[in-house]
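Derivation of every value follows stated rules applied to the coordinates shown; laboratory data play no part. Keep in mind it's a predicted model, so treat the numbers as computed, not measured. We place every Cβ from the backbone using ideal geometry, glycine too, and count neighbours over all the protein chains shown.
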Amino acid sequence: MPGAEPSATMPLAATFPPQTHERWQALVAGVVNKSRAEEARLTPEQAEASLRSTLPGGLVIDPLYVRPATATGLGVPARMPFTRGRAVREPGASWDVRQLHDDPEADATRAAVLDDLEHGVTSVWVHVGADGLAPADLGHALADVRLDLAPVVVSATDDQAGAAAALLAILRTTPGASGNLGLDPIGAAARLGSAPELAVLADAVEQALAQPGIAAITIDARIYRDAGASAPDEIACAIATGVSYLRALDAAGIEPATAFPQIAFRISATADQFLTTAAIRALRRVWARVGAACAVPTDLRGAHIHAVTALRMFSRDDPWVNVLRSTLAVFGASVGGADAISVLPYDTVAGLPEKFSRRLARNTQLLLADESNIARVTDPAGGSWYVESLTEQVAQAAWAAFQEIEQAGGMPVALAEGVIAARIATTHEQDARALATRRQPLTGVSMFPLAAEAPLTRVPRAVLTTAAGALVPRRDAQAYEILRDRARAYAARHGAPPSVPIVALGTRRDYGAREMFVTNLLAAGGIEHVTHEGGLEPGMPPPRVVVLASS
């Protein structure tokens, strides 16, 4: 009523009778058993168990989440264990919108950097080296950047020292400039199949400490995820790498309390939005635990996280679906509290992106942050018992994997002795089986493929030279892309792509669903089809393969 005092609480469910978990299980059993024979009926407990699923890394997803009886306070952002955020998000300010630049042409990179900054990007990421911009060209590429306003970070695989030195020289010219030198010798060694050289870290950290706002190290854990690792293993490798760097710096006289703010993390954001959210929250929690063990002051234990849409989930074919995948990934990274987010352009797999794809990449973030308003709340998933449970599982699994790496002798030893590669191979084999059988679907690739699609044409990137044992990126869609390429090669030799006849028996009501299933299955491998209703035409040469579709 007008003028009435609002109630302290809104008893929305006050008139509903209380419900129990057992009652819910009974309802589930009633639905699950509808199509089952009497002797095959499941108990309520079995019915609930039948709805559980498993994610890579052994993460179990339950069909229902409620507040556990043992639940304690959720905590708050910017406080131990930093699960809910490194800091409270400022009103009206989103995360750091960061765009990647890896075009080796300095003029093209300079123009792209300026275009991004003029249209909403807030920091610059330049990849340097044989597969990116030359270190000597970095100054020209950044000539138009207000270094006191836009932070600059670099990454490199084959020339991290050159990239770091080039950026440091540039940042020193401007008071108030900030950025990250991108050193990650263990990550580079993992990608190249070489041995890491940790001695470079101490000098770089000392130089970075001489100018406030500059950090020296970015642990790029995407290397492991793109090679096939699970989300918990990606975090475990990141944490184990960080601990190795802390040991190396401590041996050089730089204490953990000084080293902690010098370390940032770069991890994958995937189309599994809830897993992305949980992984970012779990990484902060586990790294804070390392900080506590190293007696790092509490206010310095929050991990700075840069989330990047995972190359592993990108497809060459039907690349527009990559926009949808990236949107989900950005949402998950934002809800998880990533400090900076980068979206790879949809045509990344084809080669160097064009202006339009770069615009679409940055606008994916800007629309979500400014128009969908997902940046307005710190840790909006806090208290969702699904997210809280998944965060707990990821953190526990990552900590267990981290302990195994430590028992093997630490990250450099685990890499050299194949411990990391073995863990990744196990997960990759499980994922490959799920992808091959389409139990893990890829929209536009293994499911609902776009028939007769012409691949995009872009300027190809340079290919790194690697040694045996290198962790090479493997995209989920590659197996299907190989099939498509074989079909195109067949068409080039024979004048037409491979085709399989489908004999449809009965009416469309009988065979329609099966025909649609088969046509999608064939198209996933680049194989065309011709549907023959009722049977093959008289006089038609007998085909080697026929698919029958009926009721």
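What the table shows:
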| read-out | value |
| --- | --- |
| Exposure proxy ranking, count of Cβ atoms within 10 Å, fewest first, for Glu417, Glu515 | Glu417, Glu515 |
| FRET E, pair Gln19, Glu392, Förster distance 30 Å, beta-carbon r, rounded to 0.05 | 0.75 |
| Between helix 106-118 and the chain: long-axis angle, C-alpha atoms, 0 to 90°, nearest 10 | 90 |
| DSSP-defined beta bridges in the chain - what % are antiparallel, rounded to 5 | 5 |
| Alpha-carbon Debye profile of region 109-155, log10 I(q)/I(0) at 0.15 Å⁻¹ | -0.34 |
| Highest average packing first - 94-100, 291-297, 539-545, 395-401, Cβ atoms within 10 Å | 94-100, 395-401, 291-297, 539-545 |
| FRET E, pair Leu209, Thr298, Förster distance 25 Å, beta-carbon r, rounded to 0.05 | 0.75 |
| Charge tally in the Cβ shell below 9 Å around Gly120, where Lys, Arg are +1 and Asp, Glu are -1, Gly120 excluded | -2 |
| Computed lengthening from Leu450 to Leu367, 0.36 nm per intervening residue step minus Cα-Cα distance | 27.2 nm |
| Set of region 499-528 residues, backbone N closer than 19 Å to the point 7 Å along the Cα-Cβ line of Ala492 | 499, 525-528 |
| Order of Trp320, Trp287, Trp24 - criterion: other Cβ atoms within 10 Å of each residue's Cβ, fewest first | Trp320, Trp24, Trp287 |
| Separation of alpha-carbon centers, region 345-385 and region 91-141, rounded to whole Å | 17 |
| Net dipole in debye of the chain [+1 Lys, Arg Cβ; -1 Asp, Glu Cβ; about Cα centre; nearest 20] | 1040 |
| With Cα atoms, 0 to 90° folded angle of helix 478-494 axis to the chain main axis | 60 |
| Potential extension, Leu12-Glu429 segment - 0.36 nm per residue separation minus Cα distance | 145.3 nm |
| Cα pair distances exceeding 23 angstrom across region 96-399, given as percent | 54 |
| Order of Tyr480, Tyr386, Tyr346 - criterion: other Cβ atoms within 10 Å of each residue's Cβ, fewest first | Tyr386, Tyr480, Tyr346 |
| Ser550 paired with Asn520, simple spin-label distance in nm, labels 7 Å along Cα-to-beta-carbon | 2.4 |
| With Cα atoms, 0 to 90° folded angle of helix 355-366 axis to the chain main axis | 80 |
| Potential lengthening between Ser499 and Val459 on full extension [0.36 nm per residue; Cα-Cα distance subtracted] | 11.2 nm |
| Alpha carbon centroid spacing (whole Å) that separates region 229-270 from region 426-444 | 30 |
| log10 of Debye I(q)/I(0), alpha-carbon scatterers only, for the chain at 0.05, 0.10, 0.11 Å⁻¹ | -0.25, -0.91, -1.06 |
